[in-house]
């Protein structure tokens, strides 16, 4: 335990996702040793994020305006919708430069253990977007874990009666990985998603 404000800083940093006690301590002491102008700039950016950033009224992605840049882009294919859990997933998919449709951000995944059900996600908004029939395909791009699978299964059951094509991102073995380290679900998915090779 450190004195006063240093311990408060470590405690606050430790509340951030992905930062454990050691990481929080390392960041805190970096900030203590940093130039005051650098710390002030960081504090100002943190405040600006809370003041300026909102969620897109259409898809739920982060935005500085009422709609995000993707929803405002007329070149995007409005007939294909990719459903993701969080805004960071939009960034990951955009980096591939393979997808040219629109997005719908759920704001999480179904997790009964954490008390998160379908009503806590942006499922109602998804159904409203599908109501006019303009969307022909919905790609479920939830995480390949227990919560993501539960969310994809739930959404598929809701969407299939609507007559839209529902697909799921393929999952399998990572490039450079070893079979012996793959879990059963990943290996099973790799077999399900296998494809023919042309000689």
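Every number here is computed from the coordinates shown, using simple stated rules; none is lab data. Worth saying up front: this structure is predicted, and the values here are computed from it rather than measured. Cβ placement follows ideal geometry from the backbone for every residue including glycine, while neighbour counts extend to all protein chains displayed.
Here the extension length gained between residue 137 and residue 184 equals 14.0 nm, from 0.36 nm per residue of separation less the Cα-Cα distance. With springs only between Cα atoms under 10 Å, which of 166, 80, 45 fluctuates most in a Gaussian network model of the chain? Of 166, 80, 45, the most mobile in the Gaussian network model is 45.
Once the Cα atoms are used to define both axes, helix 4-14 deviates from the longest principal axis of the chain by about 10 degrees.
Using C-alpha pairs below 8 Å separated by at least 6 residues, the relative contact order for region 55-168 is 24 percent. In plain terms, if you count all Cα to Cα distances in region 116-158 and split them into 5 Å steps from zero, the share in each step is 5, 20, 30, 26, 13, 5, 1 percent.
Just from its helices, what would the mean residue ellipticity at 222 nm be for the chain, if runs of 4 or more DSSP H residues each count -39500 (n - 2.57) and the sum is divided by every residue, rounded to the nearest 500 deg cm²/dmol? It lands at -13000 deg cm²/dmol. Working note: Cα gyration tensor of region 4-52, eigenvalues times five, square-rooted, sorted largest first, giving semi-axes of 19, 15, 9 Å. If every alpha-carbon in region 55-168 counts as one equal scatterer, what log10 I(q)/I(0) does Debye give at q = 0.11, 0.19 1/Å? The Debye formula, applied to the Cα set alone, gives -0.32, -1.00.
Sequence gap at least 6, Cα distance under 8 Å: using those rules, report the relative contact order of the chain to the nearest whole percent.
12 percent
Between 0 and 90 degrees, the angle of helix 146-159 with respect to the longest Cα principal axis of the chain falls at about 40 degrees. The GNM of the chain, with springs linking C-alpha atoms under 10 angstrom apart, assigns the highest mean-square fluctuation among 130, 16, 155 to 16.
For region 22-115, relative contact order (Cα pairs under 8 Å, six or more residues apart, normalised by length) works out to 21 percent. Placing one equal scatterer on every Cα of the chain and applying the Debye formula, the log10 ratio I(q)/I(0) at q = 0.12, 0.19 Å⁻¹ is -0.82, -1.32. Run the paramagnetic zone check for residue 111: 7 angstrom along Cα to Cβ, then residues of region 124-148 with backbone nitrogen under 16 Å. So the set is 142-148.
Taking all pairs of distinct Cα atoms, average 1/r, flip it, and tell me the Kirkwood hydrodynamic radius of region 25-99 in Å to one decimal place.
The Cα-based Kirkwood calculation yields 15.1 Å.
Specify whether the C-alpha gyration tensor of region 91-146 places it in the rounded, prolate or oblate class, a ≥ b ≥ c being the square roots of the eigenvalues: rounded for a/c under 1.5, otherwise prolate if a/b is larger than b/c and oblate if not. Oblate, because a/c is 1.5 or more while a/b does not exceed b/c.
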